[in-house]
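*Asks:* First the structure, then my questions, so here it is.
The values are calculated or read from the model by the stated rules, or taken from the named source; none is laboratory data. Because the structure is predicted, anything quoted here is derived from the model rather than measured. A quick note on method: Cβ atoms are made from the backbone with ideal geometry, for glycine too, and the neighbour counts reach across all protein chains shown. Quick note on the areas: whole protein, heavy atoms, side chains included, nothing else; ligands and nucleic acids left out. Shrake-Rupley method; radii C 1.70, N 1.55, O 1.52, S 1.80 Å.
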Amino acid sequence: ELYQADKVNDKTAIYGIIGNPVEHSASPLIHNLGFKAIHYNAIYVPFLVDNARAFFALAENLQMRGFSVTVPHKVEVLTYLGNITREVKQIGACNTVVRTPGLWKGMNTDYYGFLIPILSDIENGRIKNALVIGAGGASYAIVWALRNWGVKVTILNRTLSHAERIAKINICAFDKLENAKNYEGQVDLIVQTTSVGLSTFESPIEGFKFTGKEIAYDIVYKPHMTKFLTDAKAAGCKLHFGDEMLFEQGKLQFEAFTGYHYPKNLKPEL
Ligand code: ATR
């Protein structure tokens, strides 16, 4: 029903997502629902891809108009793009590729998708200092976004050298994860970017005392309510969820793909 297979014809544009794994991606749902709602003749399919370079040739042959990029290709695709935005260059990662005349253009919707839910609290001065837990692929765009919007950041990570690499690019502080307690009561925002809460009900900062004044933001979206957010909620913190970031970055990507706004009242069950 979602894919409107009976409506596919010789004018149907093909979009998709490349990555490994991709089978649990929420992007096909976001985009196909959007296409359907605005009667846009297109389909969006997941492509399980190991060889990103080879996929660019296929995308050319299929006359694809754009595709999303996820783990592990967000950095490597930069090599195959004819044009990248300033943000992609500075973040060093691309999650959105669109066809422009003669070349593929790389964009990044992760950083602004992350920011949208907390933008008003940055602009009204409620968020001045942030702790970013984790220094994996996801934290590059997040740290860049916070720094670019004037927020002071400390990155905490199990492996100090990974935190140092991101801190150097973005001019911010970094520390070992085990020192988390030193930041109790010192920050306005705590962002959880590690994979710790993905498969187990555990927090990377187990035992951390939230004051209740911090805004807690977990970018993990499955489960919706992680241990990190459960602990923050118990202390009375305002919460933000991974599915907010996921949907916001998807809406921005939809605009880049189609030139149309994502339908206002449409909200897929992520
Ligand atoms: P990527 O996002 O690039 O795929 P990852 O290996 O999934 O990276 O790890 C993402 C983040 O989760 C990293 O900050 C990682 O810490 P290290 O840099 O020390 O590897 C963090 N992480 C994963 N498992 C963890 C654990 N058990 N305890 C603490 N941090 C963990």
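*Asks:* If we scan segment 148-159, do we find a residue that is touching a Ser or Thr at 6+ places or on another chain (Cβ under 9 Å), part of a helix (DSSP H, G or I) and open to solvent by less than 60 Å² (accessible area, probe 1.4 Å)?
*Replies:* So far as segment 148-159 goes, no, none of its residues is touching a Ser or Thr at 6+ places or on another chain (Cβ under 9 Å), part of a helix (DSSP H, G or I) and open to solvent by less than 60 Å² (accessible area, probe 1.4 Å).
*Asks:* Could I ask something else about it? Specify the residue that is farthest from Leu189 (Cα to Cα); the eligible residues are those in segment 160-177 that are surrounded by fewer than 21 Cβ atoms within 10 Å (Cβ to Cβ) and of a type in the set (Val, Ile, Thr).
*Replies:* Ile169
*Asks:* Given the residues Val88, Val151, which is the only one that is more than 12 Å from the ligand (Cβ to nearest atom) and under 15 Å from the mean Cα position of the chain (by Cα)? Before you say what the answer is, go through the steps one by one.
*Replies:* On the way: Val151 fails: under 15 Å from the mean Cα position of the chain (by Cα).
Selected residue: Val88, the only one of Val88, Val151 that is more than 12 Å from the ligand (Cβ to nearest atom) and under 15 Å from the mean Cα position of the chain (by Cα).
*Asks:* Looking at segment 197-214, which of its residues are of a type in the set (D, E, K, R) and open to solvent by less than 20 Å² (accessible area, probe 1.4 Å)?
*Replies:* Selection gives Glu214 alone.
*Asks:* What pairs can you find where one residue is in segment 62-74 and touching a residue at least 40 places away in the same chain (Cβ under 8 Å) and open to solvent by 70 Å² or more (accessible area, probe 1.4 Å), the other is within 16 Å of the ligand (Cβ to nearest atom) and in a strand (DSSP E or B), and their Cβ atoms are less than 7 Å apart, with a gap of 6+ or different chains?
*Replies:* Val71/Gly19
*Asks:* Give Lys36, Lys89, Lys7 a once-over and let me know the one that is open to solvent by 10 Å² or more (accessible area, probe 1.4 Å), of a type outside the set (S, T, N, Q) and within 29 Å of Gly136 (Cβ to Cβ).
*Replies:* Exactly one of Lys36, Lys89, Lys7 is open to solvent by 10 Å² or more (accessible area, probe 1.4 Å), of a type outside the set (S, T, N, Q) and within 29 Å of Gly136 (Cβ to Cβ), namely Lys89.
*Asks:* When His24 is evaluated against the numbered criteria (1) part of a loop (DSSP other than H, G, I, E, B); (2) surrounded by fewer than 23 Cβ atoms within 10 Å (Cβ to Cβ); (3) in contact with a strand residue (DSSP E or B) (Cβ under 7 Å, 6 or more places away or on another chain), which criterion, by number, is the only one it fails?
*Replies:* (3)
*Asks:* Considering segment 166-203 alone, what residues qualify as being charged (D, E, K, R) and either closer than 16 Å to Ala145 by Cα or in contact (Cβ under 8 Å) with a residue 40 or more places away in the chain (or both)?
*Replies:* Going residue by residue through segment 166-203, those that are charged (D, E, K, R) are 168, 175-176, 178, 181, 184, 188, 202.
Lys168, Asp188, listed by residue number.
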